[in-house]
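Notes to accompany the following structure.
Each value in this text was obtained by applying a stated rule to the coordinates, not by laboratory testing. In this text, all values refer to a predicted model and were calculated from it rather than measured experimentally. Cβ: placed from backbone, ideal geometry, glycine included. Neighbour counts: every protein chain shown.
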Amino acid sequence: MRRLLVPLLAAAALASPVSARQQAPEPVSVWSIDETARLGQAIWRQDVAAARATDALLAQSGGQPPDGLIGWVVVEEGDGQRVRFLKGSREAPQAFKDVVVDARLQAGAVTDAADPALTSDEAARFQARTAAADAFGPLRCAARYNAVVLPDPDGEGWLVWLLAATTDADVVPMGGHYRFHVSADGRAVERREQLSGGCLNMDRRQATQGGRMVGLVTNLVVAPQPLEVHVFLSLLNRTTIYAMAGDKLWAVEGARIREVKTPPR
């Protein structure tokens, strides 16, 4: 899967070199285990949908981003998702290409947007991504970040994740991810949460021992349990992630999170 060479928003911020500066992380908010698993799965579905739609758009445009592209938004549509590619300006975005990604995460044809006007929901999603990019924190663990926007389950606003990305299939960026709480109109960041204590790239090949899948082990310092990003990373990399938080060890197996009694060998 490929991503557009031009980042979705705040190009200078999202494409800047990796920063060595780090700050002591504060505890982050957590949900129930079931809600954490649901959010992680939703993040994974949206991220994969955006990537599949991007592949389809690039295939149609000869491998290069179309002129005037400023980003995209992803909205639920039945059992699938519609990826809307945008042109225009940051303050007045318009839809110009659509790709529907079905429930199996297969992308359909690239079509011209029937109506360039965005709904208020779509416009707010785009503004929320922009606001999050503008509020990027000092811990930058990747040259590029992917963004995911979902409704906040605890309010009327949005949750935006900026996810450290890599083009190396063997690298799992375990650190450097952010979560933002954004207002309902998408224009104000109400809280920024750094979801790790520092940068940590792990080798996916280390999850296999003797030809058998074992998993990757990480340590949490910002939460007493695994976070939705660990569910996302487990699904994306098809590997178990063992997360040590406080005095407990958890196993994240795709969308399943469970407490482990015996540490992995």
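Modelled spin labels at Q60 and L105, positioned 7 Å past Cα toward Cβ, are 2.2 nm from each other. For the chain, take the longest principal axis of its alpha carbons; what is the angle in degrees between that and the long axis of helix 33-60, to the nearest 10 within 0 to 90? Approximately 40 degrees, to the nearest 10. Counting only residues at least eight positions apart within a chain, or on another chain, the lysines with an alpha carbon under 25 Å from that of K87 are K97. Dividing the Cα radius of gyration of the stretch 11-203 by 2.2 N^0.38 Å, with N the residue count, gives 1.01. For A184, project a label point 7 Å along Cα to C-beta. Then give me every residue of the stretch 117-139 with its amide nitrogen under 17 Å of that point. Zone members listed by number: 119-128. The relative contact order of the stretch 11-203 comes to 20 percent, based on Cα pairs under 8 Å that sit 6 or more residues apart. Spin-label pair D170-D115: with each label point 7 Å from Cα along the Cα-Cβ axis, the two points sit 5.1 nm from one another. Straight-line reach from K248: taking Cα to Cα under 19 Å and skipping same-chain neighbours fewer than 8 places apart, the lysines in range are K261. Loop-located GluC sites (Glu not before Pro) in the stretch 161-265 (DSSP state not H, G, I, E or B) with no more than 13 neighbouring Cβ atoms inside 10 Å do not occur.
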